[in-house]
Structure formats: structure tokens, C-alpha cells
1. Of the residues Glu39, Glu5, Glu24, which single one is away from the ligand (no atom under 11 Å from the Cβ), under 25 Å from Arg138 (Cα atoms) and not in a loop (DSSP other than H, G, I, E, B)?
2. Which residues, taken from segment 96-152, are of a type in the set (Asp, Glu) and in contact with a helix residue (DSSP H, G or I) (Cβ under 6 Å, 6 or more places away or on another chain)?
3. Restricting segment 42-54 to residues that are more than 12 Å from the ligand (Cβ to nearest atom) and within 19 Å of Gly199 (Cα to Cα), which is surrounded by the fewest Cβ atoms within 10 Å (Cβ to Cβ)?
4. Take segment 163-192 and flag every residue that is of a type in the set (Val, Ile, Thr) and in contact with a helix residue (DSSP H, G or I) (Cβ under 8 Å, 6 or more places away or on another chain).
5. Can you tell me how many residues in segment 99-118 are of a type in the set (A, V, I, L, M, F, W, C), near the ligand (Cβ under 9 Å from one of its atoms) and part of a strand (DSSP E or B)?
6. Among the residues of segment 72-98, write down those that are assigned to a helix (DSSP H, G or I) and either small (Gly, Ala, Ser) or within 11 Å of the ligand (Cβ to nearest atom) (or both).
7. Can you name every residue in segment 164-192 that is of a type in the set (A, V, I, L, M) and either under 30 Å from Val124 (Cβ atoms) or surrounded by fewer than 19 Cβ atoms within 10 Å (Cβ to Cβ) (or both)?
8. Would you mention how many residues in segment 56-71 are surrounded by fewer than 21 Cβ atoms within 10 Å (Cβ to Cβ) and part of a strand (DSSP E or B)?
Amino acid sequence: MGIYEDRLLPRMIDRLLASDDLAELRRETCRSLDGTVLEIGFGSGLNVPHLPEAVTKVLAVDPSEVARRLAAPRIDRRGVTVDFVGRDGSRLAIESESVDHVLCTMTLCTIPDVEAAVQEVRRVLKPGGTFSFLEHGRSPDPRVARWQRRFTPLQRRLFGGCHLDRDSVDLVIAGGFRLLETSAAYQRGPKIVSYFTRGLAQKP
Ligand SMILES: C[S@@+](CC[C@H](N)C(=O)[O-])C[C@H]1O[C@@H](n2cnc3c(N)ncnc32)[C@H](O)[C@@H]1O
């Protein structure tokens, strides 16, 4: 990785994703969590302030060392234990059926082998365990979706592999989950990047 991807991008992402609108969606996404939570794409810990008190430990997976450093003050303020357990959501060194909850926000867009990551989430969850996710992705409006397809190669180059045109609900259902809740809407900003889906799914 070069200086841009390695050092600048995690700081840019930290700023871009710290908006109040997203904070509200993060809070909703984290609402049902408790106990130990595995977070795929932990990044700079922007979900940490939104974890309910009942969450006592986070198992964090993310390749970025810089994002990990940016997360440190948030972790200290919240006073939650965070163990960094891996760098790649598509290859988890975690025992099968050992986790109650998995959290993933704005990361299914980025993981190269996203289908494998969803399979890994399913493998490590206990039966009945939940997968909470919040992702920007493919718009239901065909015109917007066409622009998302056109801009995805550029987006991938500029934002560390991020795709504009993935559909998180399709991915989660194809991964064998039962969808318990979902809501989707445009947030503030250009339509190609602002169609957000929040979901809660369960491993059968
Ligand atoms: C757009 S950021 C989102 C960060 C954080 N989840 C949030 O909501 O603020 C995407 C994150 O995915 C991480 N990432 C990239 N490839 C990954 C992989 N294979 N497995 C897990 N995380 C990955 C990046 O390092 C980055 O922190």
C-alpha cells in the first residue's frame, strides 16, 4: 500500500463518516447488541460511542493500523475492551459458532471477496446469532444505479476498493441469513453514494 491508501485515506474516511446523519444510523444499527460483538471493518471505531452499555467486549477485524490508532481515544472514552483479532473479514481466525453478534458498517462495499466474508460471518455466529449491518449501495432507481456502475472503477481506486453498486440485502440473503429488519433511504449527498441500507439478519 502507498502513502495515500495507507496513511491519508483512513484519516479522510474517519472525517467523512463521522457525520451526524450517519451517527443516528449507527445508533440504530447497534441498538440490539449486547455482550461480545465481532465487528468486521472496525476502522477508526466510529461505532464505539453508539454501542449500548450492555456491550462489554468488541472483537475487531480491520487491516488498517492508522484507523486503529484513530480509534484509541474513542475506545478509552467508552471504556470497552477491544481485542484486534484479524485483518481480513473474508478469513476469520475465529472458532465456528462462537459469536452472538456481528456488526459491519460501510465495509461490505470494500471487502474484495465479500461473499466469502458473509460466509465467514455466518460460520462464526451461533445459531440464532445476529448480523447488524449498515451499508451504502445500489440504488433502486435504475438511472442512479447505472451511474453507480460507471463510477465504481474510479471509486474503487480513490476509496480503497469501495464499490458503489453492491446490494447488502442481496448479499446477506444469498449468504443464508434470515432478514429480521431492513430500512433503506437516501441520506444527504450525491445519490450515487448516499443510498444507505440498515439491516438486522439472523443465522437460522
Ligand atoms: C469505509 S471504511 C468503514 C469503517 C467503519 N466500519 C465505519 O463505519 O466507520 C471501510 C473499512 O473496511 C476496512 N477493510 C478493508 N478491507 C477489509 C477486509 N478485507 N476485511 C475487513 N475490513 C476491511 C478498511 O480498512 C476500512 O476501515
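Quick note: the coordinates plus some simple rules give every number you see, no bench work behind them. Quick caveat, the model's predicted, so the values are computed rather than measured. All Cβ positions, even for glycine, are placed from backbone atoms using ideal geometry, and neighbour counts span all protein chains on display.
1. None of the other options fit; the residue is Glu24.
2. Glu135
3. Pro52
4. Hits for segment 163-192 are Val172, Thr182, Ile192.
5. Looking only at that region, the number is 2.
6. Across segment 72-98, the qualifying residues are Ala72, Arg74.
7. Leu164, Val169, Leu171, Val172, Ile173, Ala174, Leu179, Leu180, Ala184, Ala185
8. Total meeting the criteria: 2.
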